[in-house]
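Input: a single structure, listed below in structure tokens.
The values are calculated or read from the model by the stated rules, or taken from the named source; none is laboratory data. The structure displayed is predicted, hence computed values, not measured ones. Neighbour counts run over all protein chains shown; Cβ positions are idealised from the backbone, glycine included.
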Amino acid sequence: MERIYIPRLTRLPEQTEVLEFEETIPGLDTLTPVKGQLQVTHQGNYLEISAKAETIITLTCHRCLQQYNYRLAIQPSELIWLNESATPEQELFDRELGSEDLVETLPPQGYFDPVTWLYEQLCLEIPQQQLCDRNCQGIAIQDKPTSEFIDSRWASLQTIKNQLSNN
């Protein structure tokens, strides 16, 4: 996908560009290409971006360390402010928006990079706690009685300890 020149959006029907894609995203290790649709709409002083994308990634379980495949599907939407000198508190047509809704900014005469945006959105959806199964028990550890295992380096100390306890 190529970067989108923001002023060009104003000349499109409904000031919207819709991109269908199926490609690999640099920096994101996936088993299948990322497939989906991205819509960018120019709303005057902000961009409205929404997407639907999916892919399959390989994760490592944090409990048992087994690798497993995970279907990563996202439907993000975001508003990106276009006027760097303006503040988000300014009126945005008749739509009610909080200042927390407009975090990102781009220059009005600049470019929007859909690949970078998709990469960020996909990375945000990768689960923080990666478990192959809800009931994963983790790595099986065989408990050995501590009395059977004696480190030979501590044998002298063990002898002194036995002598003191016998007195």
| note | Log entry, pairs with first residue in the stretch 121-134 being within 13 Å of residue 77 (Cα to Cα), second being surrounded by 12 or more Cβ atoms within 10 Å (Cβ to Cβ) and of a type outside the set (A, V, I, L, M, F, W, C), beta carbons closer than 6 Å, six or more apart or on different chains, reads 121/76
| query | Is it the case that residue 17 is in a loop (DSSP other than H, G, I, E, B) and among the acidic types (Asp, Glu)? | reply | no
| request: Enumerate the pairs (first residue in the stretch 1-30 and aromatic (Phe, Trp, Tyr); second residue anywhere and at pLDDT 95 or above) with beta-carbon separation below 6 Å, excluding pairs fewer than 6 apart on the same chain, so at least 6 apart or on different chains. | output: none
| said: Of everything in the stretch 29-65, what is closer than 25 Å to residue 110 by Cα and part of a loop (DSSP other than H, G, I, E, B)? Give them in sequence order. | reply: 43, 44, 45
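What residue, of 66, 75, 128, 121, is exposed (fewer than 11 other Cβ atoms within 10 Å of the Cβ), of a type outside the set (A, V, I, L, M, F, W, C), under 30 Å from the mean Cα position of the chain (by Cα) and at pLDDT 85 or above? Before you say what the answer is, go through the steps one by one.
Details: 66 fails: exposed (fewer than 11 other Cβ atoms within 10 Å of the Cβ); 75 fails: exposed (fewer than 11 other Cβ atoms within 10 Å of the Cβ); 121 fails: exposed (fewer than 11 other Cβ atoms within 10 Å of the Cβ).
On inspection, the qualifying residue turns out to be 128.
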